[in-house]
Amino acid sequence: MDPKGRLIPRTKVQGRKHSLKELYDRTEQDAFNPQRQMMIVGHGDCEKDAQWLADRLMDKLGVPEVMVTMIGPIVGSHSGPGTVAVFFLDKDGSARLDAPEIK
């Protein structure tokens, strides 16, 4: 979401595996001190994929706790089933959506 609450795509990739890997890569790149923060993985009726990402965040980045939860009906109605999102504190605000561009 951008600062105005709009859902904005950051990057487009093809394929489910690539999209989950991209979420992990972005988190690895942008997370501030991942070993010292809790992260949240939200999903739209795809708990298996969300759990895969949560396990990878804990195993590879050393995140101590990842909460896996369903995305609520408001965001879910816009994004649809199969949505996976990661919530974390970033290093310097550069991961925020102020002027997004689709690659």
* Label-point separation, K17 to E65 (7 Å along Cα→Cβ), nm -> 3.4 nm
* **Along principal axes, Cα extents of the range 33-87, largest first, whole Å** => 33, 18, 11
* To do: Enumerate the amide H contacts of C46 below 5 Å, restricted to partners 5 or more residues apart or on another chain; note that Pro and chain-start residues carry no placed amide H.
  => G82
* Fully extended, how many nm does the chain gain between I40 and I8 (0.36 nm per residue separation, minus their Cα-Cα distance)? -> 9.6 nm
* If each residue's Cβ is checked for other Cβ atoms within 10 Å, how do V13, V75, V41, V63 rank with the fewest at the top? -> V13, V75, V63, V41
* **Paired Rg and Dmax values of the chain, which use every Cα atom, in angstrom** => 13.1, 34
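None of the figures in this text is laboratory data; all of them are computed from the coordinates on show. Not measured: the values here are computed from a predicted model. Glycine also receives a Cβ, built like all others from the backbone with ideal geometry; neighbour counts cover every protein chain displayed.
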